[in-house]
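Student: Below are the structure tokens for one structure; questions will follow.
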Amino acid sequence: MRERFLLWLISWGACLLVRLLGSTLKFQLTLEEGSLADGARRALPGIYCFWHRAMIPAAYHFRNMQIGIMISRSFDGECIARIVEKLGYRPVRGSSSRGGAGALMRMRLELEQGHPAVFTADGPRGPLYVAKPGAVLLARKTGYKICCFHVAVERAWILKSWDRMMIPKPFSRASFYITSSLEVPAAATDEELEGWRQKVQAALDRARLGAEAKLARGS
């Protein structure tokens, strides 16, 4: 009963916090040529990757779009799953360490039903800024392209967690940078998949640096 009450309290409180803080942010969007996004706060069908620490501004930006997102089966994951469900997402439970194969199958089903699929590339436990291979495996099986993005925030509280989670301060500028897409060949071998994972890593790094540079220039 105690855990159920905590889950209820945390999920509703965090959902309200995301909506309140998010509504004050001033988003600016940068799209690389060949991106899967259309510039109007919508994500086109495909596979999206971002770093775990940008979850709060990203969750607000893409709210109410019925996006499938992979979330771990831990207690923390249960909290996050309830929060994002209230924000209009479709949580898929599993991670690279627990229930990974089944979760990838359910993510494939999300794509087949017309829902974009999202991975926190370095989640659920890090290391920070190191991409895992789940998105690449799903792209090879489904033929959908991968698109990476990052949200940098002008002013934020930074948690002392493994992901250095950002909690945006009210009325901050938020720089949203979305990269061009990557298409993993269906015939890619297991050895070649590591090369594609490295390309996803490079795109995620480029998105982060691009978003941060936009804020630094004040544009």
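The values are calculated or read from the model by the stated rules, or taken from the named source; none is laboratory data. Every value quoted in this text rests on a predicted model; they were computed, and no experiment measured them. Cβ coordinates were reconstructed from backbone atoms using ideal geometry, including for glycine residues, and neighbour counts include every protein chain displayed. Side chains are part of the model used for accessible areas, which takes the heavy atoms of the whole protein and leaves out ligands, DNA and RNA. Shrake-Rupley method; radii C 1.70, N 1.55, O 1.52, S 1.80 Å.
Student: Working carefully through the options Ala81, Ala131, Ala139, find the one that is in a helix (DSSP H, G or I), touching a residue at least 40 places away in the same chain (Cβ under 8 Å) and crowded, with 19+ Cβ neighbours inside 10 Å. So that I can check it myself, show each step before the final result.
Tutor: Values: Ala81 fails: touching a residue at least 40 places away in the same chain (Cβ under 8 Å); Ala131 fails: in a helix (DSSP H, G or I).
It is Ala139.
Student: OK, next. Is it the case, given these coordinates, that Pro57 is modelled with pLDDT of 95 or more and surrounded by 23 or more Cβ atoms within 10 Å (Cβ to Cβ)?
Tutor: On the way: modelled with pLDDT of 95 or more: yes; surrounded by 23 or more Cβ atoms within 10 Å (Cβ to Cβ): yes.
Considered against the rule, which asks whether it is modelled with pLDDT of 95 or more and surrounded by 23 or more Cβ atoms within 10 Å (Cβ to Cβ), Pro57 comes out as yes.
Student: When only residues in region 168-219 that are open to solvent by less than 50 Å² (accessible area, probe 1.4 Å) and basic (Lys, Arg) count, which is nearest to the chain's Cα centre (by Cα)?
Tutor: The selected residue is Arg208.
Student: List, please: which pairs have Cβ atoms under 6 Å, are six or more places apart or on different chains, and start with a residue in region 49-74 that is more than 16 Å from Ser35 (Cβ to Cβ) and end with one that is of a type in the set (S, T, N, Q)?
Tutor: His52/Thr120; Ser72/Ser95
Student: What is the one condition in (1) over 23 Å from Arg217 (Cβ atoms); (2) open to solvent by less than 30 Å² (accessible area, probe 1.4 Å); (3) modelled with pLDDT under 85 that Ala40 does not satisfy?
Tutor: Condition (2) is where Ala40 drops out.
Student: Please find, among Ser72, Ser35, Ser11, the residue that is buried (at least 20 other Cβ atoms within 10 Å of the Cβ), hydroxyl-bearing (Ser, Thr, Tyr) and touching a Cys at 6+ places or on another chain (Cβ under 8 Å). Talk me through it step by step, then tell me what you get.
Tutor: On the way: Ser72 fails: touching a Cys at 6+ places or on another chain (Cβ under 8 Å); Ser11 fails: buried (at least 20 other Cβ atoms within 10 Å of the Cβ).
From the options Ser72, Ser35, Ser11, the qualifying one is Ser35.
Student: Does Arg164 meet the test of being within 22 Å of Val92 (Cβ to Cβ), in a loop (DSSP other than H, G, I, E, B) and within 19 Å of the chain's Cα centre (by Cα)?
Tutor: On the way: within 22 Å of Val92 (Cβ to Cβ): no; in a loop (DSSP other than H, G, I, E, B): yes; within 19 Å of the chain's Cα centre (by Cα): yes.
Judged against the criteria, Arg164 is not a match.
Student: Just checking, which of Phe119, Phe149 is open to solvent by 10 Å² or more (accessible area, probe 1.4 Å) and either on the phi < 0 side of the Ramachandran plot or in a helix (DSSP H, G or I) (or both)? Steps first, answer last, please.
Tutor: Numbers: Phe149 fails: open to solvent by 10 Å² or more (accessible area, probe 1.4 Å).
After applying the criteria, what remains is Phe119.
Student: Another question, if that's okay. Among the residues of region 40-78, write down those that are part of a helix (DSSP H, G or I) and over 25 Å from Ala101 (Cα atoms). Spell out how you get there, then give the answer.
Tutor: Pass one, region 40-78, residues part of a helix (DSSP H, G or I): 52-61, 75-78.
Across region 40-78, the qualifying residues are Ala54, Ile56, Pro57, Ala58, Tyr60, His61.
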